[in-house]
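In what follows, a structure is listed as structure tokens, so that the remarks can point back to it.
The values are calculated or read from the model by the stated rules, or taken from the named source; none is laboratory data. This one's a predicted model, so the numbers in the text were calculated from it and none came from an experiment. Neighbour counts are summed over all protein chains in view; Cβ atoms, including those assigned to glycine, are modelled from backbone coordinates with ideal geometry.
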Amino acid sequence: MLKIKTGSMTISESRLRQYLHESEGWKRTLAFMMEENARQKDRMAEILQCLPDRGGLLETAEQFQNSFVSEDETIRLLRRDIAALDKMISKEILELGGPGQNIPARKKKIAAGIRDCIAEFSKLSFEFNNYLSDVL
């Protein structure tokens with residue numbers, strides 16, 4: 001088995017390839033979340049066109065819109081971080097021990113960010129759909 005030295009750690013090529021596999025899964029998850037976020041924004045626009053403002057509909061719509069935009073930004077930053085991690089991993093695989101960057105720690109940090117983003121996205125989607133069910 002090929003071993004790659006990074007800093008004070010040795011990472012096997014198979015582990016690096018596992019990191020890339022996880023990265024691909026994260027990218028698919030984030031792509032779904034981006035698409036769903038866009039659909040929710042479109043749905044809010046439809047509701048605002050169809051219903052007159054009653055009971056603070058505009059204020060609530062603005063709050064949801066701000067949350068959707070914030071979620072888009074979080075997803076954008078995570079995608080950027082994943083791309084940087086992929087580049088580091090690919091370089092390590094190709095150069096067999098490149099500049100010795102701490103890939104496992106970065107991967108762990110991104111994984112935590114993905115977990116938090118998924119939780120926040122799920123919560124926001126649930127709240128949005130419940131709100132629409134109550135308003136309609």
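Here is how the numbers come out for the structure above:
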| item | result |
| --- | --- |
| Options 24, 59, 35: the member that is in a helix (DSSP H, G or I), among the acidic types (Asp, Glu), modelled with pLDDT of 85 or more and over 24 Å from the mean Cα position of the chain (by Cα) | 59 |
| Top-ranked residue of region 118-136 - restricted to ones that are out of contact with any helix residue (DSSP H, G or I) (no Cβ under 9 Å at 6 or more places or on another chain) and among the small types (Gly, Ala, Ser), ranked as farthest from residue 30 (Cα to Cα) | 133 |
| Qualifying residue in region 80-88 (condition: on the phi > 0 side of the Ramachandran plot and either in contact with a Cys (Cβ under 8 Å, 6 or more places away or on another chain) or not β-branched (Val, Ile, Thr) (or both)) | no |
| Residue match in region 45-54 (condition: surrounded by fewer than 15 Cβ atoms within 10 Å (Cβ to Cβ) and either modelled with pLDDT of 95 or more or part of a strand (DSSP E or B) (or both)) | no |
| Residue that is surrounded by the most Cβ atoms within 10 Å (Cβ to Cβ), among those in region 80-136 that are modelled with pLDDT of 85 or more and of a type in the set (Asp, Glu) | 81 |
